[in-house]
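K.L.:
Have a look at this one before I ask anything.
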Amino acid sequence: EAAVTQSPRNKVTVTGGNVTLSCRQTNSHNYMYWYRQDTGHGLRLIHYSYGAGNLQIGDVPDGYKATRTTQEDFFLLLELASPSQTSLYFCASRKGQNYAEQFFGPGTRLTVL
Amino acid sequence: GDSVTQTEGLVTLTEGLPVMLNCTYQTIYSNPFLFWYVHYLNESPRLLLKSSTDNKRTEHQGFHATLHKSSSSFHLQKSSAQLSDSALYYCALRNTGANTGKLTFGHGTILRVHP
């Protein structure tokens, strides 16, 4: 079973704060993803990457930066957090094949006060 | 762009009744891959079913779905709901033509099964 870990699991910050969410996968997967999950919107893709140093824009990228430092590590950065970014964030990874499933991490619950 | 539409919001069922969660999709590409993911409370979303073959039924854990390209549908079904099926269900679309590595998810359907 593919393993994806996220840290922290819970985070509270204030408006304007600086937050970094971390994701690590040890499955040698090419692709990694950051999603946010909100009631009524489901899973929405923020950013994704197909390898170290690569970054692709997702569907809701505003207010977020991301960086893929290695094959294993993918970070999501909120440099000026806003209450609208309060959400449950999931990281996922998958192999490069078209039919490959995505494996999700346990999620990070972020609250911006 | 691509889109996925699911049964809206919350579906409430009595245990033992059949489950049907609708999923339709829109894409300009002719070879879509469709997925159903299930998200149980306090767990991570995980794959339930997947298919890329037209008119072929795929089954897993008592659930089944058939991709129908003619109607752009991939509905999730189960003959008899169990309490443990209560979860959030996502339908998702992946296009071979686009080669972006992206999945497009629907908004999700909450299934709540009661005794």
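K.L.:
Once each part is reduced to its C-alpha centroid, what is the distance from the stretch B:1-37 to the stretch A:1-59 in angstrom?
P.N.:
Value for the Cα centre distance between the two parts: 24 Å.
K.L.:
What is the Cα coordinate range of the stretch A:22-113 on the first, second and third principal axes, sorted by size from largest, in whole angstrom?
P.N.:
So the three principal-axis extents are 38, 25, 21 Å.
K.L.:
For the protein assembly as shown, compute the orientation-averaged projected area of the C-alpha convex hull (one quarter of its surface), in nm².
P.N.:
The orientation-averaged projected area of the Cα hull of the protein assembly as shown comes to 12.1 nm².
K.L.:
Please compute the length gained on full extension between residue A:13 and residue A:109, using 0.36 nm multiplied by the number of residues separating them and subtracting their Cα-Cα distance.
P.N.:
Working: separation 96, 0.36 × 96 = 34.56 nm, distance 1.11 nm.
33.4 nm is the gain from fully extending residue A:13 to residue A:109.
K.L.:
Of A:11/B:50; A:65/B:56; A:65/B:50; B:56/B:102; A:65/B:69; A:11/B:78, which pairs sit farther than 29 Å apart, going by alpha carbon to alpha carbon?
P.N.:
Details: A:11/B:50 34 Å; A:65/B:56 41 Å; A:65/B:50 31 Å; B:56/B:102 24 Å; A:65/B:69 37 Å; A:11/B:78 38 Å.
Beyond 29 Å between Cα atoms: A:11/B:50; A:65/B:56; A:65/B:50; A:65/B:69; A:11/B:78.
K.L.:
Using a Gaussian network for chain B with springs between C-alpha atoms less than 10 Å apart, which of these wobbles most: B:93, B:17, B:47?
P.N.:
Of B:93, B:17, B:47, the Gaussian network model singles out B:17 as fluctuating most.
K.L.:
Where a Cα-Cα gap under 18 Å defines reach, which aspartates and glutamates qualify for residue A:95, not counting those fewer than 8 residues away within the same chain?
P.N.:
Once the sequence-local aspartates and glutamates are set aside, what remains near residue A:95 is A:1, A:72, A:73.
K.L.:
Find which of B:28, B:68, B:107 sits farthest along the positive direction of the dipole of chain B, computed with +1 on the beta-carbon of Lys and Arg, -1 on that of Asp and Glu, about the Cα centre.
P.N.:
Among B:28, B:68, B:107, the one farthest towards the positive end of the dipole of chain B is B:28.
K.L.:
Please compute the average number of Cβ atoms from other chains found within 10 Å of each residue's Cβ in peptide A:104-112.
P.N.:
What the average comes to for A:104-112 is 2.
K.L.:
Given H placed 1.01 Å from N in the peptide plane, which residues other than close sequence neighbours of residue A:47 have an amide H under 5 Å from its amide H?
P.N.:
A:34, A:58
K.L.:
Select from the stretch B:1-87 those trypsin sites (Lys or Arg not before Pro) which occupy a DSSP coil region and have at most 11 other Cβ atoms within 10 Å, ordered by residue number.
P.N.:
Details: sites: B:46, B:50, B:56, B:57, B:69, B:78; in loops: B:56, B:69.
Loop-located and lightly packed - B:56.
K.L.:
Over the Cα atoms of the stretch B:5-115, what radius of gyration and what Dmax do you get, in Å?
P.N.:
Using the Cα atoms of the stretch B:5-115, the pair Rg, Dmax is 13.7, 45 Å.
K.L.:
Give the distance, in whole Å, between the Cα centre of the stretch B:55-115 and the Cα centre of the stretch A:61-113.
P.N.:
23
Laboratory data are not the source of any read-out in this text; all were calculated from the coordinates shown. It should be emphasised that the depicted structure is a prediction, and the values quoted were computed from it without experimental measurement. Neighbour counts are summed over all protein chains in view; Cβ atoms, including those assigned to glycine, are modelled from backbone coordinates with ideal geometry.
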